[in-house]
Each structure stands twice: as structure tokens, then as C-alpha cells.
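What follows is a single structure, written as C-alpha cells, with notes after it.
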């Protein structure tokens, strides 16, 4: 095992890739939530001027990717690879969303954990010397997700209190090689990717597709424990431990079971799905979900907090439920997965 590999699931980078820029584009409901002031763009038209929901989600990716490049000071030609994903079958939001940008592309599917998976793979490519700059993005759209996974909006079905609300949004970051310079194009990076812990599929034989938080909680716990074990640390190593979209129910399960395992993370814990909506006024029940949930919160809120030194080391853990309409209708369970990214403040002043 070389010195970059730690334990069974983790990697610590010798030259941590830098997050040069980040962009977030969200829908009207997300803009009305507690984090509304932090997003780069809030679209009041949920169709984004397109003919259908899927095209609208593709437009989210196009706008977020374009904005991330503009904010970085780079050009489109500087981007070597695009790592992106969404929730739709065959990744159609991603493929149609970045087609006209003409990037060499890796399409990634990790359900709602996609941003973590894509950042991990993109960071490995950059730190390995295979690219100087890569663009990473993940998106979701409430209406396109409901159409594919649940019921058409016209049906007007009731949602149980355990359900989460798929975020309409996209987050995009540019990862750049760390060559020892403190700034790139005169710009101070937002953070550095110190390492990753890749999650494994955890199946608790859970079959309630309207309670994604419970389905994913044990996968989040497994990845957190793997990170602690591989690095020889505990919860105090991090200023903040942030999951992607466990919501209220998954949050409680994760915290309670980690206490049983000997770790109390509640004082330093946050969930993007809980932070993005106001439960009492926005009628989102257990919170937010979707690939765009953790991605947009990362870009709009988490990375600026790291840049400004509010948090110096964060364990960012997007969580995903690995089901499809086919598997669910065939009576299969809903396995979970979670991918962790270690984000640290840059010494770039």
C-alpha cells in the first residue's frame, strides 16, 4: 500500500487539489429557504424557459457550469474533463446539459451521493497529474424526479411526513492542480480537497421509498466510521460533519447509532437537506433531497465558510439511495451509499 492509501476506503492526497471556484443555481422554492441569499442564481421559472422538466434540469447544469468557469477566471478550453451526474435514467440531464459545452465527460451516477463521488474521482484525476482543471457538477429537479420515481405532478398525491422534497438546483466546482502557488490566476481558492473516503453499498432491507433518510442513514454511518478508522481520528478531528440529505428522520437515526458506536457528533453535525428548507413554512416534511441538494449547499454555503476560516476542516458526505422504478416495482430493497470528501481551508493569504 502506498502512502496515499489509508485503510480500506480512504485516500489522503500529497498535493491536495484546490477548489478554485463554485457556482450554484436553484429554483424559486430553494431561494425562499434559509440559504436563499447565498445562491448565485435563483430561477423563478421552474421550467427555465424550456419545453419540459428534463430540459429544465439540463439548463441548470449548463448555467452552473458556465458560471463556475466565469468565476474561476479560466476559459472553457482550460477544462480538461467534466465529471457530472443527476438522478434521471441514462443521465439525460447531464448529457444534454453539457453537450454544447463540448467537454470530455465522465457521467457519474451515485444517486444523491453523486457530488461526493464526482469530487472524489475528479480530485484523483487532478492530483494524479491527468488534468490541470476539471469541472464537477450534480443536479436534480423536483418535477423531473417526481415524474420518474413517484407520481406525475398532475396526480396530486399526498406525501407522508417521512418524505423529502427533491431540490431543484445544481452545484458546480472547478478542481485545479496544486502546484505550490497560493493563488491561481490571482484568485484565492475556496478550499482544498485533502482526501476522500469512498463508501460501500449498505443494504438494511429497507423498502419504504418515501423515507429515503432512513434508507441512507446506515450508509452514512458506515462511511463516517470508515473515515475515522482509516485515518485514526474521531469526530473532534473535524469542525463540521455534513451529510447530504438524510433529513430529519435519517439525521436522528445517524446520530443515535453513532452514539452507540462511541461517537457523539451532534454538536458539529449538519445536514444539507435540513438546512435548505424551512420546514414550518415550506411544507417539505423531512427536508430536502436530490443530487442538487448537497451540491448547491456545498457551493453556496459550505465552501465560503471554509474559505473564510469559520470551519477549517469539514467532512462532507453526500448520501444516496440506490433504487430505480424497476427495482422498486420488483420488490427490491433500497440500498444506500455515501461518499465522504475531506475539505480544508487553504493557506493562501
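Just so it is clear, none of the values below were taken in a lab; they were calculated from the coordinates. Worth saying up front: this structure is predicted, and the values here are computed from it rather than measured. Methodologically, a virtual Cβ is constructed for each residue, glycine included, from the backbone with ideal geometry; neighbour enumeration extends over all protein chains shown.
Highest mean first, how do 3-14, 284-295, 76-87 rank when packing is the count of other Cβ atoms within 10 Å averaged over residues? Please report the intermediate quantities before stating the final value.
Values: 3-14: 15.3, 284-295: 31.9, 76-87: 22.2.
The peptides rank, most packed first, as 284-295, 76-87, 3-14.
When DSSP beta bridges are limited to those with both residues in the chain, what percentage is antiparallel, rounded to the nearest 5?
So the antiparallel bridges in the chain amount to around 65 percent.
Alpha carbons only, please: Rg and Dmax for the chain, in angstrom.
18.5, 56
Roughly speaking, what is the centre-to-centre gap between region 214-258 and region 52-67 when only Cα atoms are used, to the nearest Å?
31 Å
Counting pairs of alpha carbon atoms under 8 Å apart in space and at least six apart in sequence, what relative contact order in percent does the chain give?
Worked out over the chain, it gives 26 percent.
Apply 1/(1 + (r/R0)^6) to the Cβ-Cβ distance of residue 208 and residue 47, taking R0 = 22 Å, and write down the FRET efficiency to the nearest 0.05.
Details: r = 31 Å, r/R0 = 1.40.
Once rounded, the FRET efficiency stands at 0.10.
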